[in-house]
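Data first, discussion second: the structure below is written as structure tokens.
The values are calculated or read from the model by the stated rules, or taken from the named source; none is laboratory data. Fair warning: this is a prediction, and the values are worked out from it, not measured in the lab. No Cβ is skipped: glycine too gets one built from the backbone with ideal geometry, and neighbour counts run over all protein chains shown.
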Amino acid sequence: MRSFSVSAIWDEEAQVYICESDIVGLHLEAATIEEFVEEMRRLAPEMIMENHVSLSGADLTRTSLADLIPSIIFNAPQQKPVAAE
């Protein structure tokens, strides 16, 4: 089974969470971690299907389900950003 990784990184200058990922085409930016996760859940599978899964000429009856449905490993930030005073 293919696994992909997505990490939420706090950008202090922009005051948003940004994405580090091995999913080609996945670019996320969100003000809260909840918004980040929502966008990741919506866009990551789409980007995987668009850029990492080739179904052209594939015999899906001979392809294992594990190979068709990759896993996405989400790495949440270790700590919340500190509010500016």
Top-ranked residue of region 26-39 - restricted to ones that are part of a loop (DSSP other than H, G, I, E, B) and not β-branched (Val, Ile, Thr), ranked as nearest to the chain's Cα centre (by Cα): 26
Pairs, first more than 18 Å from residue 22 (Cα to Cα) and outside any loop (DSSP other than H, G, I, E, B) in region 40-69, second modelled with pLDDT under 85 and not acidic (Asp, Glu), C-beta under 6 Å, six or more apart: 66/1
Residue satisfying all of: in region 1-25; within 12 Å of the chain's Cα centre (by Cα) and assigned to a loop (DSSP other than H, G, I, E, B); nearest to residue 45 (Cα to Cα) among these: 23
Residue check, residue 33 of a type in the set (Val, Ile, Thr), in contact (Cβ under 8 Å) with a residue 24 or more places away in the chain, surrounded by 11 or more Cβ atoms within 10 Å (Cβ to Cβ) and over 14 Å from residue 73 (Cα atoms): yes
